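Beneath this line is the structure, given in structure tokens, with notes to follow.
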Amino acid sequence: MQDVRNVDNDPSKPLTSPPTPERLAWNRFIIKFALSLCLKHQSVFALVKQDSYGKDVVVGASCMVPPNDKGRLLDLLSAANASLEEDVLSLADRLERLSALHEEERGAQERRRRKWRAAHDGLRRTVESMGRAYADAKRKLVRIAARAIVREREGRLLEERGVWAGGRWRGRDVASSYS
């Protein structure tokens, strides 16, 4: 509300300082509201003048609301207010849905991240266990090969001394001695 006692703030006089952003926003709202109201009644008139280049330039406009004894202006104002309320509620609902979707997406990303980490850790453990199993198997194969080499050498030594001859001890079959 403007202070009527302040002569410097008279709306009919030029501004003494540059307009604030709030004042510009309010004036834009009033202009848009008046245009939307008067365009329905086809009662917006423009004053056009040609500039120095010969182009038509709008230098002023007038918005008129036709007279109505039934309170049409109040009906239009209440309809505009209801429309604004619907728009605000619609935007609030949309914002709420977008927030919910955003939270849901963040949760889904976190679940995907956890699954990926679990799969990565499981794969790492599998590779480590396979590495240990491979090392264990390699050690076992080396032991078996070493035993086979030792047995082969022992067999050759025994054959050279005449104790072992093709799977027989001193003329006896090795398999028959265990039965």
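The values are calculated or read from the model by the stated rules, or taken from the named source; none is laboratory data. Model, not experiment: these values are computed from the prediction. Here Cβ is always computed from backbone atoms with ideal geometry, including for glycine, and neighbour counts include all displayed protein chains.
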Task: Among the residues listed as LEU76, LEU95, the single one being surrounded by 10 or more Cβ atoms within 10 Å (Cβ to Cβ), part of a helix (DSSP H, G or I) and over 23 Å from the mean Cα position of the chain (by Cα) - done: LEU76
TODO: Determine, yes or no, whether LYS70 is modelled with pLDDT under 85 and either exposed (fewer than 11 other Cβ atoms within 10 Å of the Cβ) or over 19 Å from ASN81 (Cβ atoms) (or both).
DONE: yes
- [ ] Just give me the residues in the stretch 1-55 being at pLDDT below 85, among the β-branched types (Val, Ile, Thr) and in a helix (DSSP H, G or I), in sequence order.
- [x] VAL7
Task: Pairs with Cβ under 7 Å, 6+ apart, first in the stretch 10-30 and of a type outside the set (D, E, K, R), second surrounded by fewer than 11 Cβ atoms within 10 Å (Cβ to Cβ) and part of a loop (DSSP other than H, G, I, E, B) - done: PRO11/GLN2
Open item on the list: Consider the stretch 39-60. How many of its residues are within 50 Å of the chain's Cα centre (by Cα), over 27 Å from ALA80 (Cα atoms) and surrounded by 10 or more Cβ atoms within 10 Å (Cβ to Cβ)?
Closed with: 3
